[in-house]
């Protein structure tokens, strides 16, 4: 026996068994057929499959129902609805107080309602009442800021249809607004909703059967004044007491499918809604609000908030025209609303609303527009926890059966975690590169969820203000969307062959894509076109400022263009021209006014700070129909540390804003606008009050302000003053809206934005704007 054989016999049994086990495993591996791995062809087929799938989703999402002709009186007809839409839009901008709204639009709507009253009388089974409501009032609003709104005799037109006889004890409300911002015809915001409501009313008026409950239709004339008309109705009109539910119709784009922000029902024949849109809308990051808030907060009523969302670039611009509303969009929205209205007036919850649990929160989404799935959050949580538990049990079972090992689990989860971190870091790096290189990367996604995000939220980001960087909002949304695709496909990489050729092609295509964006017009962030404009939003006011000392002597007076840009880059990308290039940011060193004694049209200076605006000095002042004058009627010391100031503002004014800034240790205690409570309203350095009128303008604005000084021995208000007050008036309509200088600016922008790009940076002329003349007077009292 040789020495080697002896040593082999003396080896431990464990080594011999291990060797045998390895040899058997090797034999098994030799006998087991190798699995075919994915290669270039298979990956090309996968990409084609995903592309076709996404294209089918896009096609389905863009499908709209056929338009019903106007001779079908029992069905909703887009053809009939477009008649009133065209009439209202043809009037042009319709701000509250303008002739186009208070006379012409008013006549169109009331004439149509009177004709429908005759139809209802002829049918004899229902009744149709009509009322014109012109409320006056004030209220506080917390929307991206805290401010106060006051309105004087604004116009509400109402119709109430129901079964013949006395009004029913329960009713539902349909709401639209027929006013607009200055310089926009407001086709989707919100004339189309009023046209839909009128068409729904016409169908109900021709009904041969009595309705189960009353339906109130509110055509409100001051929504763009921060929801004033809906507040006037829901707090003052006698019909408000019977309302049990409402449907608010809004518009943020030019057609497409209407989207429901708040909730959804299963009665609509063409459902479309998503809880994600609701959550983001309620988060407050979107610089828009609707009458839904007023009906909910002041009326304590439940309801639906429905809006158009496609092509939001035209929202609040001169391009919001009827011809940009897709054919079939009105038909689809009208059929949905008519079906929901009919379901609501039959609902038992109108009579017994307590049986409906309003505290429940719902998850809802439509499946490519075919049907809607909705369930309570608690139900969704149960299914989510059940699935997680099932996965844990399955993994545990496979570990117990030795199908998985612990090291394999750690490796798998580690790969996913590292991949997620890499994607997050890449996203941050891309945003940093975009900012540092002044590039805006335009990315195209075609999945259903991505379409919802980008069709709606990308245009919104263009009016988010100068403070919030929209890249840091869109980046995580894009990351989450991409993650949902990557997590379902990255496992295929583990069963793929080396694909150096495919990887090289992908890198080459990406480099080509970046090069195209950097060197062609595809990378231009804004562009002008008649049918699909993507323009930068600005506000340009030709203003005169007069600043007075405590003794009433003029301290400073100047004229200029006050320019605000609504997107994050602010005034950086304004084109090079004398009218749009000033001598720097406004100087706010000599005032305590948070609005820098500038004629702000809105109160939200947090998103549009004065240092991000532009003041361009001009030699000439705009002409005003009447001078603006502020006078102190009375200064009264109520107690040792309380002082009451009574002021009056006179002049031929339009929309006005007050800046109330207590100084010298004083703070606001109360005033005559709306009940003031510092704990609920919030303490501010400057309080903003926005005042408007409708059918009738007030002769003057008289009010009082009560100030308190925490110092028991405050300075004498007769000597040093206690209040810095500024008033700005905006001529937003009529013959005095434009000065000669402002007209020149308008014509220049309109001409140059249509001119083909002839030089680097010429895309900066792709601007849309709201303009008016303004006068500001400030004084210490």
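Could we say that residue 508 is surrounded by 16 or more Cβ atoms within 10 Å (Cβ to Cβ), over 26 Å from residue 314 (Cα atoms) and not assigned by TED's automatic domain parsing to the domain that holds residue 316 here?
Criteria not met by residue 508.
For the range 578-594, give me each residue that is part of a loop (DSSP other than H, G, I, E, B) and at pLDDT below 80.
581, 582, 583, 584, 585
If you check residue 557 against the conditions, is it assigned by TED's automatic domain parsing to the domain that holds residue 596, without any contact (Cβ under 8 Å) to a residue 24 or more places away in the chain and either assigned to a strand (DSSP E or B) or in contact with a helix residue (DSSP H, G or I) (Cβ under 6 Å, 6 or more places away or on another chain) (or both)?
Answer is yes for this residue.
Please count how many residues of the range 598-630 are buried (at least 21 other Cβ atoms within 10 Å of the Cβ), touching a helix residue (DSSP H, G or I) at 6+ places or on another chain (Cβ under 9 Å) and in a loop (DSSP other than H, G, I, E, B).
Residues meeting the conditions: 5.
Taking the range 631-669 as the region of interest, how many residues are part of a loop (DSSP other than H, G, I, E, B) and either more than 24 Å from residue 148 (Cα to Cα) or not assigned by TED's automatic domain parsing to the domain that holds residue 574 (or both)?
Matching residues across the range 631-669 total 2.
Yes or no: the range 186-200 includes at least one residue that is modelled with pLDDT under 95, assigned to a loop (DSSP other than H, G, I, E, B), crowded, with 23+ Cβ neighbours inside 10 Å and under 25 Å from the mean Cα position of the chain (by Cα).
Yes.
What about residue 568, is it modelled with pLDDT of 90 or more, under 28 Å from residue 319 (Cα atoms) and assigned to a loop (DSSP other than H, G, I, E, B)?
Here the answer is no, as residue 568 does not meet what is asked.
Within the range 70-97, restricting attention to residues that are surrounded by 24 or more Cβ atoms within 10 Å (Cβ to Cβ) and within 26 Å of residue 696 (Cβ to Cβ), which residue is farthest from the chain's Cα centre (by Cα)?
Among those that are surrounded by 24 or more Cβ atoms within 10 Å (Cβ to Cβ) and within 26 Å of residue 696 (Cβ to Cβ), it is 97.
The values are calculated or read from the model by the stated rules, or taken from the named source; none is laboratory data. Worth saying up front: this structure is predicted, and the values here are computed from it rather than measured. When we count neighbours, we look across all protein chains shown, and the Cβ atoms used for this are built from the backbone with ideal geometry, even at glycine.
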